[in-house]
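The values are calculated or read from the model by the stated rules, or taken from the named source; none is laboratory data. None of these values were measured; they are calculated from a predicted model. Counting neighbours? That spans all protein chains shown, and the Cβs are built from the backbone with ideal geometry, glycine included. All accessible areas refer to the heavy atoms of the entire protein, side chains included, with ligands and DNA or RNA removed. Shrake-Rupley method; radii C 1.70, N 1.55, O 1.52, S 1.80 Å.
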Amino acid sequence: HSHSHSHEDKHDHGHASSKTTEIETDVLQENNLIAERNRGFFQAKGLFVLNLVSSPGSGKTTLLEQTITSLMDELRFWVIEGDQQSMQDADRIDRIGVEVVQVNTGKGCHLDARMVNQSFGKFDFNEPGALMIENVGNLVCPSLFDLGEHHKVVIISVTEGEDKPMKYPNMFAESDICIIN
């Protein structure tokens, strides 16, 4: 049975904030559904997937270049580069001779599962290997978004100071591996 909901007095229930929470929940739920699809795709293709996250300038691209260069004889690599604007990082990876897709997020501060999903068609995943996702340089937003990766790897540079895990606890809690550069 139903109850009627009436009030004599006029007061604010704070609906605006609950609406914001609702929208955020919907965005993350949709993202997680696509992330699950991504996971299934990665498994079917035999891909090992890492999501590299860090502040700008902590050494993600350099680490990626060195990792790929030292392992490319044993393992096939593909790279998704997330950046707000430039093609710089993708150009660096391209020079190594690895297939790379640049995803420019514009004002967006992270990659989401849909952006990663839309990048698949640009690759020829004809053998098992590693898909490396270099996320947008940011220690806040990327911690919220599952891309379907096997591991989130956070990279910090000693020049950033030792307070990063205290200032950005979610990123460090969500990451499986922390590399100190």
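Does at least one position in segment 139-146 carry a residue that is open to solvent by 70 Å² or more (accessible area, probe 1.4 Å) and over 14 Å from the mean Cα position of the chain (by Cα)? Looking for residues that are open to solvent by 70 Å² or more (accessible area, probe 1.4 Å) and over 14 Å from the mean Cα position of the chain (by Cα), one finds none in segment 139-146, hence no.
Per the conditions (1) open to solvent by 30 Å² or more (accessible area, probe 1.4 Å); (2) over 25 Å from Glu74 (Cβ atoms); (3) touching a residue at least 24 places away in the same chain (Cβ under 8 Å); (4) in a helix (DSSP H, G or I), the sole criterion not satisfied by Pro165 is (3).
For segment 143-165, filtering for residues that are at pLDDT 95 or above, out of contact with any helix residue (DSSP H, G or I) (no Cβ under 8 Å at 6 or more places or on another chain) and hydrophobic (A, V, I, L, M, F, W, C) leaves 1. With respect to the conditions (1) part of a helix (DSSP H, G or I); (2) open to solvent by less than 10 Å² (accessible area, probe 1.4 Å), Ser70 lacks only one, and its number is (2). How about segment 45-68: which of its residues are among the β-branched types (Val, Ile, Thr) and in contact with a helix residue (DSSP H, G or I) (Cβ under 7 Å, 6 or more places away or on another chain)? Of everything in segment 45-68, those that are among the β-branched types (Val, Ile, Thr) and in contact with a helix residue (DSSP H, G or I) (Cβ under 7 Å, 6 or more places away or on another chain) turn out to be Val49, Val53, Thr61, Ile68. Among the residues making up segment 30-84, a single one is basic (Lys, Arg), under 23 Å from Cys178 (Cβ atoms) and in contact with a strand residue (DSSP E or B) (Cβ under 8 Å, 6 or more places away or on another chain): Lys60.
Cys178 meets each of the listed conditions (1) crowded, with 21+ Cβ neighbours inside 10 Å; (2) touching a strand residue (DSSP E or B) at 6+ places or on another chain (Cβ under 7 Å); (3) not charged (D, E, K, R) apart from (1). Checked against the criteria, Glu134 does not count as open to solvent by 40 Å² or more (accessible area, probe 1.4 Å), of a type in the set (Asp, Glu) and in contact (Cβ under 8 Å) with a residue 60 or more places away in the chain. Within segment 78-130, the set of residues being more than 25 Å from Glu30 (Cβ to Cβ), open to solvent by 30 Å² or more (accessible area, probe 1.4 Å), in contact with a helix residue (DSSP H, G or I) (Cβ under 9 Å, 6 or more places away or on another chain) and in a helix (DSSP H, G or I) comprises Gln88, Arg92, Arg95, Ile96.
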